[in-house]
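Worksheet for the structure shown next.
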Protein chains: 2
Amino acid sequence: MSRPVPRTEPAGTPLGDAFHVYDTTLRDGAQREGISYSVADKLAVARHLDALGVGYIEGGWPGALPKDTEFFARAAAGELELRHAALVAFGSTRRAGLTADRDPQVRALLDSLAPVVTLVAKSDRRHIERALRTDVAENCAMVADTVSFLRREGRRVFLDAEHFFDGYRFDPDTALRVLEAAVTAGADVAVLCDTNGGMLPLGVAEVVREVAGRTGFRLGIHCQDDTGCAVANSVAAVQAGATHVQCTANGYGERAGNADLFAVVGNLVTKLDMPVLPEGAFAELTRTSHALAEIANIAPDTHQAYVGTSAFAHKAGLHASAIKVDPELYNHMDPEVVGNGQRVLVTEMAGRASVELKGAELGLDLAGHPDAVSEVVQTVKEREAQGWSFEAADASLELLMRSAIGRADGAASAGAGSEAVAPFTLESYRVIIEHRADGAVVSEATVKVLVDGVRMIATQEGNGPVNALDAALRAALTPSRPWLENVELSDFKVRLLSPGGGADNPDGHGTDAVTRVLVESTDHGGSWTTVGVHGNVVEASWLALVDALAYAAMRERSSGLAAAVPSGRPGG
Amino acid sequence: MSRPVPRTEPAGTPLGDAFHVYDTTLRDGAQREGISYSVADKLAVARHLDALGVGYIEGGWPGALPKDTEFFARAAAGELELRHAALVAFGSTRRAGLTADRDPQVRALLDSLAPVVTLVAKSDRRHIERALRTDVAENCAMVADTVSFLRREGRRVFLDAEHFFDGYRFDPDTALRVLEAAVTAGADVAVLCDTNGGMLPLGVAEVVREVAGRTGFRLGIHCQDDTGCAVANSVAAVQAGATHVQCTANGYGERAGNADLFAVVGNLVTKLDMPVLPEGAFAELTRTSHALAEIANIAPDTHQAYVGTSAFAHKAGLHASAIKVDPELYNHMDPEVVGNGQRVLVTEMAGRASVELKGAELGLDLAGHPDAVSEVVQTVKEREAQGWSFEAADASLELLMRSAIGRADGAASAGAGSEAVAPFTLESYRVIIEHRADGAVVSEATVKVLVDGVRMIATQEGNGPVNALDAALRAALTPSRPWLENVELSDFKVRLLSPGGGADNPDGHGTDAVTRVLVESTDHGGSWTTVGVHGNVVEASWLALVDALAYAAMRERSSGLAAAVPSGRPGG
């Protein structure tokens, strides 16, 4: 790989250097409880952010953290070629009583070869005196010296004014003197940080406007989410004149987190009409968010603004019927614009409209089958009252819809019904779990089923009761359905309904308590989720497993590959 | 229970009726994907909200949803006594072309006996014409008629002006005419709803100020979180003059959710100095949030503002050392104020301190047992790495602590150790679950245990594997421990850890996946929770059951009642 040309300005966005989308996922985001990036992770995160088109990627604190030093070394060695972003090293001003060029921490910033350096400096007099144990004059000298030194060495410099908002309220003159020391020495942007995250948007807008008016400096904003307002505070600061906004992917960060990059960018682009990303990149918002959650090993927030899987999901019957008329009426924007999609959730609250929309989403024409729609609405209502939930189990819902359509159509298309695709009939099963005298815990299942008229009995062991049952059922079916080898149970979720009762419905408590099991299956060409509900956790799992295999059979049939295996072939 | 006096004003807050904290968790919050409240859940949620001191609890839409109708019926029958809140029924204005008193939906609102009714009405001309298919005049008549009718029947009425902000931007006159129709007819509050959630705080503040100026009406605010700004928008509206704020617990709601009650109240109390909750209730914020997450069966958001377990957790070495100097410097407020706590992560020091604090909370003096503290810190660290969680299982943690103290003290107090209180030794168990040919699903368990040196074998049936195992173990122990008759398993929770694997750890996926089981037990004098973790759900349940009975034995011993039953008495 060729050595990338060090860039100090964002490339490819219509606004160019006039507006900075600055990402600090790799430094401030990594402070989130539970995140621990490897160097390879950091390189991968930077590539995703660059592809999305952010202007600046803060890679870490070289010299302070060995992983960060290595990240910059590998980036400089050619492992990270950036198309849009400039790479930024984060660090502190020189220590009190040491010149900048002799401070090892400052030298490490140079050694990182990052073309841009963001220096953090204290701007709250209480922090200067109580935490740093120095005075305002020396603090300003530390800022000015370090900025000058880095500028002389050819770096672009931004200043993170730590605790700016608290400091400005406590002693505005000190706060402004720190900004002035930095900008006079050559810093391009003075970033106002709400480090403790206690601000609200109207207050942020007021301070940003006031500071811009008093100084004329280019201002940036960095918000933490301790009031649940980090996104709003960042956007309010931009509306008040800030032209540089620091965020983290999915709002990762210390305590309650930082301003979420995706929501901030989403708001700037769709609400304030600011083209802050390169052409075409905006549609990658959702995908990028999920990819970065994967790398952080944190389950994506399903309800995250713009990018969450539920962000455009509608449940209420009232809303669903209006959406059928006009999707614009119940979404604040077109979800496709950020690479997300609208979903209609079918629940007991759903009316006919939701069921029809959901059918269309699944490729089924229910509009021409009013009786089938009635049946589905009725069945969903009844089952959900018993604890079933179809909103996360599209495959079970599709089987139910196909079954209703099949019945409505009569014999002509009876083959589409759920019963018709179920690849067997159950006679009985038995599962045994033993904790033996030697301490071993073993599970064994036996199923007796009728497959294409042939009675099959199979016994298998497993790591637990459901795994054993799944294995035994497959053993009984695979001889006649060899394609089942490709179908795997990939996830399994258990939920107990009605507190006060339990999975097993203990006597005298919650006698209507049930267990809901969701099973996710995959055939490596796709995945699907099915649901089962019963007072007994094993039976609930069984019901979900049966739906999973019925759905697999339907997929197999519609793929046409099933033709290669005569369906009447008896098993061995 | 006595019939509660219907209340139409908030009780117990210093602001009284001058400011409304209005909760709609049970109606709008229930629209969140994945939430499905039973009627018992709804009653429990309402009790928690009332204890926190919210002014209004919107219970649902009687007449539209059978569960909501039942909720109001049971509340009216005396199952819900509210100390602070007034109960609210949500519903729609009369249909076009029908008088209010003859509209069954409006009558259901009256029949709910809720003293307050919130009516939703369209205020965006496009919705009136395209979704409702009527005109502005008829829409206003529907509002006025329904409000008048409900006022005549003695109800207090609030108006939810749906899509107000979008409607006001599109056609301000129509939007204002709808508010006027409601207020003139007797509605007390005109609630401006950002139904599609596309607003930003500066825009919300501007509209609220303008509408307040043009109408003089009492205004409320209802925000959705589609821009990630619902909390900020709600607070900005209050700063602009709204005196009624609609929220949901933990921000539950459709799509990206609603404004989070806890963050909104946290901001109003700590940032705007508004005493919107009764004296003392504010410290219950964190506990209430977690309890409501439990009832919703949604894992609490660890990074939620104010109430998340990470909301005051510090990871940065820089911050952690500064916090040691002066905790005020790095927190926006004292976490104790909202019943939360500061945490410093990944330091052995913090580990020891929290174990000692927890011990003190449980009545154990660990300060004098440094070796026991080390052992507990080490064991908790190791087990949590395997998926155990002691946060919600105090009884298991106490057994672990007592065991460590026992060992540290030597023979003198060995009786306090967990091993010493376990009332038996396991030889083996076996659980059989059968789905028989006649369709019956049965579970049967056999345990072989050594009780006071006597080998006991017992077999019992149950509704499921864990229930059967619990019954068999009790059958083996009860002859020598008759007090076990009073001990019941009252709740049972299963959580699967590591996505991609499952309870049964299916082959080839998440080979380190485990199941965590929490068992809650009660002896009618109190309740306690224990935890078990294993790759097999039945074994994990067994481990939690054994801890539950060990803890019961310890309670029995310390209550002194155990003396009445000779511990060496062999079973029959």
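Among the residues of the range A:463-492, the ones that are more than 23 Å from A:VAL442 (Cβ to Cβ) and among the basic types (Lys, Arg) come to 1 in all.
Pairs are defined by a Cβ separation below 7 Å, a sequence spacing of at least 6 or placement on different chains, a first member in the range A:91-113 that is loosely packed, with under 14 Cβ neighbours inside 10 Å, and a second member that is of a type in the set (A, V, I, L, M); the pairs so defined are A:ALA96/A:MET142.
Would it be correct to say that A:ARG74 is over 23 Å from A:ARG152 (Cα atoms), in the same structural domain as A:GLY280 (by TED's automatic domain parsing) and of a type in the set (D, E, K, R)?
On the way: over 23 Å from A:ARG152 (Cα atoms): yes; in the same structural domain as A:GLY280 (by TED's automatic domain parsing): yes; of a type in the set (D, E, K, R): yes.
In short, yes.
Taking the range A:214-237 as the range and being among the small types (Gly, Ala, Ser) and surrounded by 24 or more Cβ atoms within 10 Å (Cβ to Cβ) as the test, the residues that pass are A:GLY220, A:GLY228, A:ALA230, A:ALA232, A:SER234, A:ALA236, A:ALA237.
Regarding the range B:11-22, can at least one residue be identified that is touching a Cys at 6+ places or on another chain (Cβ under 9 Å), of a type in the set (Phe, Trp, Tyr), assigned by TED's automatic domain parsing to the domain that holds B:PRO278 and under 18 Å from B:ASN250 (Cβ atoms)?
Let us first name the residues in the range B:11-22 that are touching a Cys at 6+ places or on another chain (Cβ under 9 Å), namely B:21-22.
Remaining after also requiring of a type in the set (Phe, Trp, Tyr): B:22.
From what's left, assigned by TED's automatic domain parsing to the domain that holds B:PRO278: B:22.
Of the ones still in play, those that are also under 18 Å from B:ASN250 (Cβ atoms) are B:22.
Yes, some residue in the range B:11-22 is touching a Cys at 6+ places or on another chain (Cβ under 9 Å), of a type in the set (Phe, Trp, Tyr), assigned by TED's automatic domain parsing to the domain that holds B:PRO278 and under 18 Å from B:ASN250 (Cβ atoms).
Output the residues belonging to the range B:119-139 that are assigned to a helix (DSSP H, G or I), among the charged types (D, E, K, R) and without any contact (Cβ under 8 Å) to a residue 40 or more places away in the chain.
Start the filter on the range B:119-139 by keeping residues that are assigned to a helix (DSSP H, G or I), which leaves B:125-130, B:136-139.
If we keep only those that are among the charged types (D, E, K, R) as well, we get B:125-126, B:129-130, B:138.
B:GLU129, B:ARG130, listed by residue number.
Filter the range B:354-368 for residues that are aliphatic (A, V, I, L, M) and assigned to a helix (DSSP H, G or I) and give the result. Full working, then the answer.
First, pick out the residues of the range B:354-368 that are aliphatic (A, V, I, L, M): B:355, B:357, B:360, B:362, B:364, B:366-367.
Matches in the range B:354-368: B:VAL355, B:LEU357, B:ALA360.
Scanning the range A:9-31 for residues that are part of a loop (DSSP other than H, G, I, E, B), among the β-branched types (Val, Ile, Thr) and modelled with pLDDT of 95 or more yields A:THR24, A:THR25.
Please verify whether B:VAL264 is closer than 12 Å to B:VAL21 by Cβ, part of a helix (DSSP H, G or I), aliphatic (A, V, I, L, M) and at the interface with another protein chain (Cβ under 10 Å from one of its Cβ atoms), treating the condition exactly as stated. Before you say what the answer is, go through the steps one by one.
On the way: closer than 12 Å to B:VAL21 by Cβ: yes; part of a helix (DSSP H, G or I): yes; aliphatic (A, V, I, L, M): yes; at the interface with another protein chain (Cβ under 10 Å from one of its Cβ atoms): yes.
Spelling it out, B:VAL264 is indeed closer than 12 Å to B:VAL21 by Cβ, part of a helix (DSSP H, G or I), aliphatic (A, V, I, L, M) and at the interface with another protein chain (Cβ under 10 Å from one of its Cβ atoms).
Can you tell me which of B:GLY78, B:GLY60, B:GLY34, B:GLY53 is modelled with pLDDT under 95, at positive phi and buried (at least 17 other Cβ atoms within 10 Å of the Cβ)? Break it down into steps so the answer makes sense when it comes.
Working: B:GLY78 fails: buried (at least 17 other Cβ atoms within 10 Å of the Cβ); B:GLY60 fails: modelled with pLDDT under 95; B:GLY53 fails: modelled with pLDDT under 95.
Every option except B:GLY34 fails the conditions.
If you go through the range B:170-205 and pick out every residue that is touching a residue at least 12 places away in the same chain (Cβ under 8 Å) and away from chain A (no Cβ under 12 Å), you end up with 21. Here A:VAL207, A:VAL191 are screened, and the one residue that is closer than 21 Å to A:GLU58 by Cβ and under 37 Å from the mean Cα position of the chain (by Cα) is A:VAL191.
Residue count for the range B:153-185 satisfying the condition of being among the basic types (Lys, Arg), surrounded by fewer than 20 Cβ atoms within 10 Å (Cβ to Cβ) and either closer than 21 Å to B:TYR56 by Cα or touching a Lys or Arg at 6+ places or on another chain (Cβ under 8 Å) (or both): 0. Scanning the range A:140-159 turns up no residue that is within 14 Å of another protein chain (Cβ to nearest Cβ), more than 29 Å from B:ALA240 (Cβ to Cβ), outside any helix (DSSP H, G or I) and touching a strand residue (DSSP E or B) at 6+ places or on another chain (Cβ under 9 Å). If the condition is being outside any helix (DSSP H, G or I) and touching a helix residue (DSSP H, G or I) at 6+ places or on another chain (Cβ under 8 Å), then the range A:449-475 contributes A:VAL449, A:VAL451, A:MET456, A:ILE457, A:ALA458, A:THR459, A:GLN460, A:GLU461, A:GLY462, A:GLY464. In the range B:160-169, what residues are within 28 Å of B:GLU9 (Cβ to Cβ) and more than 14 Å from chain A (Cβ to nearest Cβ)? Matches in the range B:160-169: B:ALA161 only. Only residues that are part of a loop (DSSP other than H, G, I, E, B) and among the aliphatic types (A, V, I, L, M) were counted in the range B:197-254, giving 4. Applying the criterion of being among the aliphatic types (A, V, I, L, M) and within 14 Å of A:SER92 (Cβ to Cβ) to the residues of the range A:139-152, the residue that is surrounded by the most Cβ atoms within 10 Å (Cβ to Cβ) is A:VAL143.
Results for (1) modelled with pLDDT of 85 or more; (2) within 11 Å of another protein chain (Cβ to nearest Cβ), shown as yes or no for each residue.
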{"position": "A:THR288", "(1), (2)": "yes, no"}
{"position": "A:HIS303", "(1), (2)": "yes, yes"}
{"position": "A:PHE312", "(1), (2)": "yes, yes"}
{"position": "A:GLY317", "(1), (2)": "no, yes"}
{"position": "A:ALA322", "(1), (2)": "no, yes"}
{"position": "A:VAL325", "(1), (2)": "no, yes"}
{"position": "A:MET333", "(1), (2)": "yes, yes"}
{"position": "A:ASN340", "(1), (2)": "yes, yes"}
{"position": "A:GLY351", "(1), (2)": "no, yes"}
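Here the condition is being modelled with pLDDT under 85 and within 7 Å of chain B (Cβ to nearest Cβ); of A:GLY500, A:GLY510, A:GLY462, A:GLY526, it holds for A:GLY500 alone.
Determine, yes or no, whether A:ASP188 is in contact with a strand residue (DSSP E or B) (Cβ under 8 Å, 6 or more places away or on another chain) and surrounded by fewer than 24 Cβ atoms within 10 Å (Cβ to Cβ). Taking the combined requirement at face value, the residue satisfies it.
Scanning the range A:228-255 for residues that are within 11 Å of chain B (Cβ to nearest Cβ), touching a Leu at 6+ places or on another chain (Cβ under 8 Å) and over 18 Å from A:GLN304 (Cβ atoms) gives A:ALA236, A:ALA237, A:VAL238, A:GLN239.
Can you pull out the residues in the range B:430-448 that are surrounded by fewer than 20 Cβ atoms within 10 Å (Cβ to Cβ) and in a strand (DSSP E or B)? Within the range B:430-448, B:ARG430, B:ILE432, B:GLU434, B:VAL441, B:VAL442, B:GLU444, B:THR446, B:LYS448 meet the criteria.
Per-residue answers, yes or no, for (1) in a loop (DSSP other than H, G, I, E, B); (2) under 22 Å from A:GLN246 (Cβ atoms); (3) in contact with a strand residue (DSSP E or B) (Cβ under 7 Å, 6 or more places away or on another chain):
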position	(1), (2), (3)
A:HIS84	yes, yes, no
A:GLY91	no, yes, yes
A:ASP101	no, no, no
A:GLN105	no, yes, yes
A:LEU109	no, yes, yes
A:ALA114	yes, yes, yes
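The values are calculated or read from the model by the stated rules, or taken from the named source; none is laboratory data. These figures come from a predicted structure and were not determined experimentally. So basically every Cβ, Gly included, is an ideal-geometry build from the backbone, and we count neighbours across all protein chains shown.
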